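Readers should treat all values here as calculations from the given coordinates under stated rules, not as data from a laboratory. Every value quoted in this text rests on a predicted model; they were computed, and no experiment measured them. Please note: Cβ atoms are built from the backbone with ideal geometry, for glycine as well, and neighbour counts cover all protein chains shown.
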Amino acid sequence: MDAVQQITVPVPAERVSEFYRWFADWCEGAEGQVSIAAVRETTTSNEGSVIDENDDLVQAGARWWRLLTLSERAIWNMWIDAAPGLVPDSEIVKQLNLRDAGSIRGKINRLAGKGSAAGFPVGWQSHVIDPMTGSRMYGLRDMDQKDHDPGLAASEYAAILRKARVVAQG
């Protein structure tokens with residue numbers, strides 16, 4: 001195994017989410033060289049790490065969207081476009097050029113933690129198996145199943161995500 005070195009850097013509180021996004025993209029090997037200056041130019045200055053409890057779901061979703069890596073965004077784009085339907089694992093593997101379906105889990109493991117950091121409820125499902133193909137199906141879930149859910153159907157949740165994506169990218 002390669003040697004690992006722990007590095008600690010000071011990050012201003014209002015730039016923590018920007019740093020996490022840059023670091024996640026860097027770890028993932030985003031296309032081309034990712035520089036802190038380039039990330040700073042594409043990130044809005046109101047992206048602070050302090051969550052205002054009065055923020056609406058769209059604003060929290062936009063903060064969360066900015067934390068996602070390029071491949072995480074690609075997966076969520078597929079899920080948003082398919083909602084309330086689901087996407088077969090084979091399509092995710094193909095679109096992201098992954099090794100196999102087992103690689104999907106690694107791409108989505110950090111999503112809930114990033115949602116918590118942004119104050120946004122993150123909900124997807126992966127327990128449905130297509131009876132015809134045997135493929136695992138992934139996608140947005142109804143966000144009314146758990147106590148902390150905002151009480152939305154998958155199609156309503158997708159609409160919130162679409163708006164959040166526009167706010168984050170605009």
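Miscellaneous remarks
- Relative contact order (percent, whole number), the range 46-153, Cα cutoff 8 Å, 6+ residue spacing: 28
- Förster radius 25 Å - calculated FRET efficiency between ALA112 and THR133 (Cβ-Cβ, nearest 0.05): 0.35
- Förster-model FRET efficiency, 30 Å R0, ASP142 and LEU70, C-beta, rounded to 0.05: 0.65
- Residue-by-residue Karplus 3J(HN,Hα) for the range 70-79, coefficients 6.51, -1.76, 1.60, Hz, glycine and proline x: 4, 6, 5, 4, 4, 4, 5, 4, 4, 5
- ARG162/ILE7 FRET efficiency (R0 25 Å; Cβ-Cβ; nearest 0.05): 0.10
- Among residues other than ASP130 with Cβ under 13 Å from its Cβ, the summed charge is -1 (Lys and Arg +1, Asp and Glu -1).
- Over the range 122-170, Cα pairs under 8 Å with separation of 6+ residues give a relative contact order of 24 percent.
- Per-residue HN-Hα couplings for the range 135-149 [Karplus 6.51, -1.76, 1.60; θ = phi - 60°; Hz; x = Gly/Pro]: 6, 6, 10, 10, x, 6, 10, 4, 9, 9, 9, 10, 4, 8, 5
- Under-5 Å amide H pairs with GLY139, H placed in peptide plane, nonlocal only: VAL87, GLN125
- Long-range amide H partners of LEU152 with built H, under 5 Å: MET143, ASP144
- In order through the range 87-94: 3J(HN,Hα) via Karplus (6.51 cos²θ - 1.76 cosθ + 1.60), integer Hz, x for Gly, Pro: 10, x, 4, 4, 5, 5, 4, 5
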